[in-house]
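One structure below.
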Amino acid sequence: MKLLKQALLITAIVFTKFPCTAQKKIAYEFPKEMLPEVKQEFIKQCDKGRILYDMNCAKCHSSFVRKKEIIPDFSPDQLKGYELRVSNAQHEADMPDTKVTAEELGEIMIFLTYKKKNAK
Ligand code: HEC
């Protein structure tokens with residue numbers, strides 16, 4: 001009985017400490033020379049960017065393979081070009097649903113830059 005209680009307690013702790021890591025885990029790839037403090041900051045930005053991406057971009061850009069989300073690997077040039085164009089009226093007209101602030105866009109760009117590349 002005591003063992004069962006302990007097992008339950010451990011399960012509870014594991015679930016509160018790591019909520020839904022299994023379903024939303026996305027690894028990021030940072031340059032090796034990036035300092036640990038800087039990396040921590042980038043991880044925070046990437047996590048925010050990922051949520052913003054899901055809210056604003058995923059419905060047009062993500063595809064699903066057996067319920068697994070595939071986020072496209074945009075090249076640095078594509079991202080730079082996109083960031084420049086997104087303030088442009090014509091692109092805005094092509095993508096009427098995209099309403100993100102400059103700061104949010106920056107976080108999405110960081111996320112897309114450092115997200116782990118898809119397996120080929
Ligand atoms: C309503 C659908 C739609 C939404 C929402 C959308 N996009 Fe796009 N996006 C497109 C289409 C269509 C293109 C290709 C046409 C173009 O380049 O203008 C594109 C192009 C791009 C490109 C350039 C790819 C290249 O080949 O250069 C990037 C990067 C991009 N989108 C990122 C984003 C991000 C980041 C968001 C969220 C803030 C987003 N998109 C939201 C439809 C969408």
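We did not get these values from a lab; they are worked out from the coordinates using the rules stated. Keep in mind the model is a prediction, meaning the values are calculated, not measured. Backbone-built Cβ (ideal geometry, glycine too); neighbour counts: all protein chains shown.
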If we keep only residues of the range 63-82 that are near the ligand (Cβ under 8 Å from one of its atoms) and part of a helix (DSSP H, G or I), then the residue surrounded by the fewest Cβ atoms within 10 Å (Cβ to Cβ) is Asp77
**Request:** Say whether the condition of being among the charged types (D, E, K, R), more than 16 Å from Glu107 (Cα to Cα) and more than 7 Å from the ligand (Cβ to nearest atom) is met by at least one residue in the range 52-62.
**Result:** no
